[in-house]
Amino acid sequence: MATQFIAEIGQNHNGDIELAKQLMQSAKDAGVDFVKFQKRDVEIAVPPDEWDILRETPWGTMPYIDYRKRLEFDTEQYDEIAAAAGKIGILWFASVWDVPSVDFMLDYDPPYMKVPSAKLTDDVLLHYLREIDIPIILSTGMSTLEEIDHAMTLLKPDIVMHCTSTYPAPPEELNLRVIPHFIERYKTEIGYSGHETGLAATIAAVALGATWIERHVTLDRSMWGSDQAASVEPEGLRRLVRYIKTTDRALGTGIKKIEAGEIEPMKRLRGDHGTHTKDG
């Protein structure tokens with residue numbers, strides 16, 4: 001099957017709906033299959049003892065809880081995202097961080113929901129997601145194999161993403177050889193959610209068997225935001241999608257045979273000894 005590509009917008013829109021739409025259009029232009037956002041109930045996600053911590057932001061100094069709310073889209077803005085996705089012609093969904101966010105996203109009939117790595121150990125959320133009739137993607141960053149096994153038992157996700165939750169992740173922490181191990185262990189579709197800089201490791205993930213790819217996207221890696229440095233800009237995204245499509249074609253079937261382009265060289269270079277025959 002062709003590798004499926006998710007462009008993770010996350011909160012790289014910095015609370016600006018017009019910037020979110022630009023990122024969606026950029027992803028469509030690059031040829032990706034899905035764009036993804038992050039949905040959370042901020043008052044659940046942020047511990048109360050962190051609410052009043054002052055944070056320097058592009059909008060001035062403000063309590064951390066106000067900063068997080070500034071980044072979070074509301075119903076009206078998600079209605080705009082849904083309308084923009086229809087106009088642009090791209091599918092969209094979100095990572096959900098809590099039960100209210102699951103209910104919120106259900107109103108949009110998404111093709112998938114994703115469990116972010118940070119919530120892999122949230123049994124309440126996993127139980128709740130298991131009861132909905134939507135395919136689930138599970139990300140596995142900062143998790144032990146035992147924790148992943150437990151989540152797999154509770155959730156039974158449709159797709160499992162290998163991931164390293166370092167932003168950006170250095171090559172020596174990517175551990176891409178986990179991908180074939182996951183394929184054998186979990187007998188389901190395995191993908192790769194990359195937070196590294198550059199494109200090479202993502203191509204290697206496809207070569208190792210990942211059938212889903214997710215990369216954070218941005219219009220400019222120098223923009224404000226914790227995920228921007230680990231994101232891919234529009235030109236890099238176009239190249240990455242093109243390279244993945246080439247890799248899909250190059251991987252072939254795994255069955256060794258003489259390819260069509262080899263027949264004429266074989267005749268020319270081997271003459272009458274092109275193939276072995278058994279004496280009758």
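Tabulated results
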{"quantity": "Residue match in segment 217-234 (condition: assigned to a helix (DSSP H, G or I), aliphatic (A, V, I, L, M) and out of contact with any Lys or Arg (no Cβ under 7 Å at 6 or more places or on another chain))", "calculated": "yes"}
{"quantity": "Boolean, F5 is closer than 27 Å to Y192 by Cα and free of Cβ contacts under 8 Å to residues at least 60 places away in the same chain", "calculated": "no"}
{"quantity": "Criterion (out of contact with any helix residue (DSSP H, G or I) (no Cβ under 7 Å at 6 or more places or on another chain) and β-branched (V, I, T)) met by exactly one of I255, I213, I203", "calculated": "I255"}
{"quantity": "All positions within segment 131-144 that are surrounded by fewer than 19 Cβ atoms within 10 Å (Cβ to Cβ), closer than 19 Å to E189 by Cβ and within 20 Å of the chain's Cα centre (by Cα)", "calculated": "I134, P135, G141"}
{"quantity": "Residue among Y167, Y128 that alone is among the aromatic types (F, W, Y) and either at pLDDT below 95 or surrounded by fewer than 16 Cβ atoms within 10 Å (Cβ to Cβ) (or both)", "calculated": "Y167"}
{"quantity": "Breaking point among (1) out of contact with any helix residue (DSSP H, G or I) (no Cβ under 8 Å at 6 or more places or on another chain); (2) over 30 Å from R249 (Cα atoms); (3) outside any helix (DSSP H, G or I), for M1", "calculated": "(2)"}
{"quantity": "Residue within segment 151-172 that is small (G, A, S), part of a strand (DSSP E or B) and touching a strand residue (DSSP E or B) at 6+ places or on another chain (Cβ under 7 Å) present", "calculated": "no"}
{"quantity": "Number of the condition not met by L176 [criteria: (1) in a loop (DSSP other than H, G, I, E, B); (2) more than 25 Å from P58 (Cα to Cα); (3) touching a residue at least 40 places away in the same chain (Cβ under 8 Å); (4) of a type in the set (A, V, I, L, M, F, W, C)]", "calculated": "(3)"}
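The values are calculated or read from the model by the stated rules, or taken from the named source; none is laboratory data. All of these numbers come straight from a predicted model, not from anything done at the bench. Cβ: placed from backbone, ideal geometry, glycine included. Neighbour counts: every protein chain shown.
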